[in-house]
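This report concerns only the one structure given below.
The values are calculated or read from the model by the stated rules, or taken from the named source; none is laboratory data. Please read all numbers here as calculations on a predicted model, not as lab measurements. With ideal geometry, Cβ positions are generated from the backbone for all residues, glycine too; neighbour counts draw on all protein chains shown.
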Amino acid sequence: MAKLDGIKEIKIADEVFAALAHPMRRQILLSIHLRGETKAGDIAARFDCAWPTTSRHLSTLVESGLLRVEKQGRERVYMCNSALLSDVLDRWAVHFK
């Protein structure tokens, strides 16, 4: 069973690092982290790209677990999952200590 947990941890880390690989996703994540809960429209307005591009980046961040999203009426509000990011980075960095 422990081996399966290790495989799951690797899969999660792979998804997080893949999501962080794109500079715009890192900027989006940092922006939401610093601003707190952020509406989708506010995120799109901060970046100079089409809405479908922003939407794909947000979806990637949500699928990786780095962002959570809640529907509030017609709006989608995004929140950073700092605990997951911190956990993945700590588990990886320990190999370099």
Report task. For the stretch 11-47, name all the residues that are at pLDDT 90 or above and loosely packed, with under 12 Cβ neighbours inside 10 Å. Result -> 11, 21, 23, 30, 34, 36
Report task. Show the residue pairs that are 6+ apart or on different chains and have beta-carbon atoms under 9 Å apart, the first residue being within the stretch 69-94 and closer than 12 Å to residue 12 by Cβ, the second being at pLDDT 95 or above and exposed (fewer than 14 other Cβ atoms within 10 Å of the Cβ). Result -> 88/17; 92/17
Query - Subset of the stretch 48-67 [surrounded by fewer than 15 Cβ atoms within 10 Å (Cβ to Cβ) and not in a helix (DSSP H, G or I)] - result: 48, 49, 50
Query raised in the report: If you scan the stretch 36-65, which residues turn out to be under 13 Å from residue 82 (Cα atoms) and free of Cβ contacts under 8 Å to residues at least 24 places away in the same chain?
Result: 62
**Report entry** In the stretch 62-85, residue farthest from residue 39 (Cα to Cα) [restricted to those that are hydrophobic (A, V, I, L, M, F, W, C) and touching an Asp or Glu at 6+ places or on another chain (Cβ under 8 Å)]
**Finding:** 79
